[in-house]
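Following: one structure in structure tokens, then a few remarks.
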Amino acid sequence: MKAEFNYAGCNVFVAGGTSGINLGIAEAFARTGSNIGVGSRKQEKVGRAVAGLAKLTTGKAFGYCFDVRNAKAVETAIAGFAEEVGRIDVLVSGAAGNFPALAHDISVNGFKAVVDIDLLGTYHVMKAAYPHMKKPGGSIINISAPQAVVPMSHQVHVCAAKAGVDMVTRCLAIEWGGEGLRVNSVIPGPIDGTEGMARLAPTSEMRERVVGTVPMRRFGVPEDVARACLFLGSEAAGFVNGTIMTADGGWTQTGAALELDAVT
Ligand code: COA
Ligand code: NAP
């Protein structure tokens, strides 16, 4: 991907940035020369991601192990990154969990697990980063999902959690906007080669069905989402605050829901 923005000297932290879409976002920032921090639960994934990111950036790459459900662990990791690099210019919060299941088949703990990771985890990440964010001039980007705006069968837990994420975005855009700290969400569409798509569209038949519902008639790639993040993190988006931006080929405009009966 060609570097369209210059983040040299900037510090970017991506929570959940060790695989899939979020790693694609971290790589895009790294290619523009930022110092980059990523973190997630699994040491092996963190190590692999940091090694790759270090090769891409002219700055430095840092990795942290934490579960976003553990507020203290998130706080320690983000404070550690801030201590290494100084202030944080761009924060991306994208850790999430998903499995397709009907509401009456999801245990209380299953529903809670997804809400705790997606919604509470996002709050933990934002709260931990807030004292370290560049103000004015900082940018926070929460990775949402079409489930935030399109109700879907087999996705009640994810729909509830991601709708909550977008409301957190909008509330904190108001609270923090006065300090020059912008908060926005990005809604990726169906992105090829990711864990999320593997879980929701595991068969070629499901994949074809999904593509058929995307107005642009293709899957997205992580770079499609990363470009939206590069924009939102930059001065070009200096007055963009509280928006829920889609990078979904128009998918959410159709109100198309995934028909997940075939998966479960
Ligand atoms: N159907 C129904 N319930 C399920 C399920 C499924 N496919 N997968 C997990 N659960 C339930 C479990 O049964 C458990 O509930 P219980 O204790 O009442 O039995 C609960 O969810 C938590 O499961 P556990 O495996 O202990 O959770 P975890 O905290 O280790 O993992 C998940 C969280 C379930 C979200 C896991 O899938 C995950 O870590 N996902 C991250 C990767 C991902 O989803 N990527 C795509 C992002 S879009
Ligand atoms: P992914 O590769 O599974 O990415 C999830 C990331 O979050 C991983 O780095 C994972 O690493 C980390 N993570 C998961 N649970 C965590 C926890 N409890 N604490 C800390 N880190 C945790 O999935 P993806 O499909 O690329 O999805 C990335 C984001 O895009 C998610 O927010 C998802 O909702 C959103 N999205 C995806 C699609 C899609 O088509 N895939 C569409 C719309 C929106 P560890 O396993 O090491 O923790």
Take peptides 27-34, 10-17, 96-103, 157-164 and line them up by average Cβ neighbours within 10 Å, highest first, as a rough protection proxy. 10-17, 27-34, 157-164, 96-103
7 Å from Cα along Cα→Cβ at both ASN109 and SER153: what's the point-to-point distance in nm? 2.8 nm
Long-range HN-HN contacts of MET133 with modeled amide H, under 5 Å: ILE88
I'd like the Karplus ³J(HN,Hα) series for region 79-90: coefficients 6.51, -1.76, 1.60, θ = phi - 60°, whole numbers in Hz, and an x wherever there's a Gly or Pro. 5, x, 4, 4, 5, 5, 10, x, 5, 9, 8, 10
Length gained, THR264-ALA198, 0.36 nm per residue minus C-alpha separation, equals 22.5 nm
For region 1-137, size of Cβ-based charge dipole, Lys and Arg +1, Asp and Glu -1, in debye: 220 debye
Report the full-extension gain for the segment MET216 to ARG170: residue separation times 0.36 nm, less the Cα-Cα distance, to one decimal in nm. 13.8 nm
Kindly state, to the nearest 0.05, the FRET efficiency for GLU83 paired with GLU179, given R0 = 25 Å and r defined as their beta-carbon distance. 0.70
Taking the Cα centre of the chain as origin, sum charge times position over the Cβ atoms of Lys and Arg (+1) and Asp and Glu (-1), and report the length of that vector in debye to the nearest 20. 420 debye
Comparing THR252, THR203, THR18, which has the greatest mean-square fluctuation in the GNM of the chain with Cα pairs linked when under 10 Å apart? THR203
For Cα pairs less than 8 Å apart in space and 6+ apart in sequence, what is the mean separation divided by the residue count of the chain, i.e. the relative contact order in percent? 19 percent
Just tell me which lysines come within less than 25 Å, Cα to Cα, of LYS127; anything on the same chain fewer than 8 places away is out. LYS42, LYS45, LYS60, LYS72, LYS112, LYS135, LYS162
Could you tell me the distance between the Cα centroids of region 128-168 and region 185-236, to the nearest Å? 16 Å
Give me the compactness ratio for the chain, meaning the Cα radius of gyration over 2.2 N^0.38 Å. 0.95
Positive-end residue of GLY97, LEU260, PHE13, charge dipole of the chain with Cβ unit charges: PHE13
Give me the net charge for the shell around ARG69: Cβ to Cβ below 12 angstrom, other residues only, Lys and Arg +1, Asp and Glu -1. 0
Residue-normalised accessible area of region 1-138, given per residue in Å² at a 1.4 Å probe: 44 Å²
If you average the sequence gap of Cα pairs under 8 Å that are 6 or more apart and divide by the length of region 33-158, what percent do you get for the contact order? 27 percent
Provide the gained length on full extension for the span GLU205 to ALA51, in nm with one decimal, where the gain is 0.36 nm per separating residue minus the Cα-Cα distance. 51.9 nm
A 1.4 Å probe over the protein heavy atoms gives region 115-264 a carbon and sulfur accessible-area percentage of 56 percent
Any chance you could look up the accessible area of TYR123 with a 1.4 Å probe, heavy atoms only, rounded to 10 Å²? 100 Å²
Would you calculate a helix-derived [θ] at 222 nm for the chain, using -39,500 (n - 2.57) for each DSSP H run of n ≥ 4 and dividing by the full residue count, to the nearest 500? -12500 deg cm²/dmol
Take every Cα pair under 8 Å in region 1-56 that's 6+ residues apart, average their separations, divide by the length, and report that relative contact order as a whole percent. 38 percent
Rounded, prolate or oblate for region 42-83? Axes are the square roots of the Cα gyration tensor eigenvalues, ordered a ≥ b ≥ c, and the cut-off for rounded is a/c under 1.5. oblate
Karplus ³J(HN,Hα) for region 235-246 (6.51 cos²θ - 1.76 cosθ + 1.60, θ = phi - 60°; Hz, whole; x = Gly/Pro) runs 5, 4, 9, x, 10, 9, 9, x, 8, 10, 8, 9
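The values are calculated or read from the model by the stated rules, or taken from the named source; none is laboratory data. Note that the structure is a prediction, hence the values are computed from the model and not measured. Here the Cβ is made from the backbone with ideal geometry for all residues, glycine too, and neighbour counts use every protein chain on show. Heads up: the accessible areas ignore ligands, DNA and RNA and are worked out on the full protein's heavy atoms, side chains in. Shrake-Rupley method; radii C 1.70, N 1.55, O 1.52, S 1.80 Å.
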